[in-house]
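The values are calculated or read from the model by the stated rules, or taken from the named source; none is laboratory data. Predicted, not measured: the structure shown is a model, and the values here were computed from it. For neighbour counting, all protein chains shown are included, and Cβ atoms are generated from backbone atoms with ideal geometry for every residue, glycine included.
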Amino acid sequence: VTVNRAAVLQNTWSPMMKDHQGDEFTVAVQQLLQYSVSHSD
């Protein structure tokens, strides 16, 4: 999955944003699910 930093709420996905640099970055679906479960709001 390609993530566009400007399109994501910073407060909601801050752990993912801290782990990845740049305006766009790629995250595997499995990793995205791990962020969703372990860092849910």
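Brief remarks on what is shown
- Any hit, segment 8-19, residues being modelled with pLDDT of 85 or more, of a type in the set (A, V, I, L, M, F, W, C) and part of a loop (DSSP other than H, G, I, E, B): no
- Annotation: GLN30 fulfils all but one of (1) at pLDDT 85 or above; (2) surrounded by 10 or more Cβ atoms within 10 Å (Cβ to Cβ); the unmet one is (2).
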